[in-house]
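K.L.:
Quick one: the structure is below, and I'll ask about it shortly.
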């Protein structure tokens, strides 16, 4: 090739490459558009019929039935009510895509025409409203749309796709239950694990990625403070656990402000106080319930140790008749996106969606048991999907008003752009990790 033809050849290659990229994006968008109506119908059905953690029997059955119709090999009852769908499509990597099944004990207040009116008894026997206030219905609808696209166009990928419907994410128990029940041994072990989560802080359609830690360690701490009850008019004859509890709550606030480096993220929140029955009765005990968040194990251990120290010291200073009882719930480990996996998927997302739609998004202090797969040695990646209607987002940014957060009774995602963006992100990621016609490194 002479020097005169080289620029023309390069220009031609560039045009061909650009045309292929445009066709690729256009083709996936068309696939998502075609799959969306059934996903939207599923979303509305799931939203109207939410089920609490480890009670997702009907939800799991709906998803399992649809997967079977698409040709997946389906196993139910994994980790009590979880489902696993496997689709083998020749040699290649094995990739797992997870969705959650459970809803929250929240009474919906969105005024949507398909709002949940479900009421049931929780595991403690209390009557509660039930709502998909965390967007798991969005996740399931997108997951099923992705399952449909992957099954319907097998020429675009090679490998084994493992779809899991995980129960009980809201009580951070479902992932471990499925792993304990043989998820990683009874079924093809994944080379990569993917998930998405809607985000109430970003406009609908934005896809967020971030390498490294993205969600925090989570520890639930219950503290029972003991006193000596009596008449409210004779406090000198008592040891008042309400006063001890009040001092304790205030002292706990100094852990983050005075014992943790400003460069380390940490949260100590007292979410509830229970004690007493009447205004003139000093009770015998008070219960404090805390959530504790961190990103690193050293900070985590310092927070928990400081809580123990402060709680016991405040009780001793007040002359409490016995030392407080401190109980910790099941810990949740920080979710760390595998850096290499994140960079690989982020590159295709930015290329196909553009930097205005695919963005690096910062970590947050929420927690999630998707981290159990990472702890089991599987490289993991969770993507964030913006869920706020653009006009509402713009208005809130202008006025400074707070948007309804996840777990709010008023949370209502902008369903069409949110579900479509989640499907786009999932399909793009899966096809990148299980490409057809070329070697795919694990």
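K.L.:
Of the conditions (1) more than 15 Å from the chain's Cα centre (by Cα); (2) surrounded by 17 or more Cβ atoms within 10 Å (Cβ to Cβ), residue 381 fails just one. Which one is it?
P.N.:
Unmet for residue 381, out of (1) more than 15 Å from the chain's Cα centre (by Cα); (2) surrounded by 17 or more Cβ atoms within 10 Å (Cβ to Cβ): (1).
K.L.:
Given segment 206-246, what strands (runs of 3 or more DSSP E) lie entirely inside it while holding 2 or more residues that are over 30 Å from the mean Cα position of the chain (by Cα)?
P.N.:
On the way: elements: 207-209, 212-215, 217-226.
Output list reads 217-226.
K.L.:
Could you pull out every one of the strands (runs of 3 or more DSSP E) wholly within segment 272-363 that has 1 or more residues that are buried (at least 17 other Cβ atoms within 10 Å of the Cβ), more than 21 Å from the chain's Cα centre (by Cα) and at negative phi?
P.N.:
Once the strands (runs of 3 or more DSSP E) in segment 272-363 are filtered for at least 1 residues that are buried (at least 17 other Cβ atoms within 10 Å of the Cβ), more than 21 Å from the chain's Cα centre (by Cα) and at negative phi, what remains is 285-294, 325-328.
For every residue, the table says whether it meets (1) closer than 30 Å to residue 179 by Cα; (2) touching a residue at least 12 places away in the same chain (Cβ under 8 Å); (3) assigned by TED's automatic domain parsing to the domain that holds residue 194.
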{"residue": "376", "(1), (2), (3)": "yes, yes, yes"}
{"residue": "381", "(1), (2), (3)": "yes, yes, yes"}
{"residue": "385", "(1), (2), (3)": "yes, yes, yes"}
{"residue": "390", "(1), (2), (3)": "no, yes, yes"}
{"residue": "397", "(1), (2), (3)": "no, no, yes"}
{"residue": "401", "(1), (2), (3)": "no, no, yes"}
{"residue": "409", "(1), (2), (3)": "no, yes, yes"}
{"residue": "419", "(1), (2), (3)": "yes, yes, yes"}
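K.L.:
Which condition from (1) out of contact with any strand residue (DSSP E or B) (no Cβ under 9 Å at 6 or more places or on another chain); (2) surrounded by fewer than 17 Cβ atoms within 10 Å (Cβ to Cβ); (3) in contact (Cβ under 8 Å) with a residue 24 or more places away in the chain is the one that residue 185 breaks?
P.N.:
The single condition residue 185 does not satisfy is (3).
K.L.:
Would you check if residue 151 is touching a residue at least 60 places away in the same chain (Cβ under 8 Å) and either over 21 Å from the mean Cα position of the chain (by Cα) or not in a helix (DSSP H, G or I) (or both)?
P.N.:
So residue 151 fits the description; yes.
K.L.:
Condition check: under 18 Å from residue 223 (Cβ atoms) and either modelled with pLDDT under 95 or not assigned by TED's automatic domain parsing to the domain that holds residue 230 (or both). Does residue 330 satisfy that?
P.N.:
On the way: under 18 Å from residue 223 (Cβ atoms): yes; either modelled with pLDDT under 95 or not assigned by TED's automatic domain parsing to the domain that holds residue 230 (or both): yes.
It is true that residue 330 is under 18 Å from residue 223 (Cβ atoms) and either modelled with pLDDT under 95 or not assigned by TED's automatic domain parsing to the domain that holds residue 230 (or both).
K.L.:
Can you find, within segment 400-431, the residue that is nearest to residue 194 (Cα to Cα) among those that are touching a helix residue (DSSP H, G or I) at 6+ places or on another chain (Cβ under 6 Å) and not in a helix (DSSP H, G or I)?
P.N.:
Result: 413.
K.L.:
Sort out which residues of segment 82-116 are part of a loop (DSSP other than H, G, I, E, B) and closer than 23 Å to residue 171 by Cβ, and write them in order of number.
P.N.:
101, 102, 103, 105, 106, 107, 108, 109, 116
K.L.:
Within segment 177-205, how many residues turn out to be under 15 Å from the mean Cα position of the chain (by Cα) and outside any strand (DSSP E or B)?
P.N.:
Total meeting the criteria: 0.
K.L.:
For the subset of segment 255-271 comprising residues that are touching a residue at least 40 places away in the same chain (Cβ under 8 Å) and out of contact with any strand residue (DSSP E or B) (no Cβ under 6 Å at 6 or more places or on another chain), which member is surrounded by the most Cβ atoms within 10 Å (Cβ to Cβ)?
P.N.:
Checked segment 255-271; the qualifying residue surrounded by the most Cβ atoms within 10 Å (Cβ to Cβ) is 265.
K.L.:
Got a sec? Which of 241, 235 is buried (at least 18 other Cβ atoms within 10 Å of the Cβ) and either modelled with pLDDT of 95 or more or at positive phi (or both)?
P.N.:
None of the other options fit; the residue is 241.
K.L.:
If you take the residues in segment 36-74 that are free of Cβ contacts under 8 Å to residues at least 60 places away in the same chain and touching a strand residue (DSSP E or B) at 6+ places or on another chain (Cβ under 6 Å), which one is surrounded by the most Cβ atoms within 10 Å (Cβ to Cβ)?
P.N.:
74
The values are calculated or read from the model by the stated rules, or taken from the named source; none is laboratory data. Just so it is clear, the structure is predicted and the values come from calculations on it, not from any experiment. Note: ideal-geometry Cβ built from the backbone for every residue, glycine included; neighbour counts use all protein chains shown.
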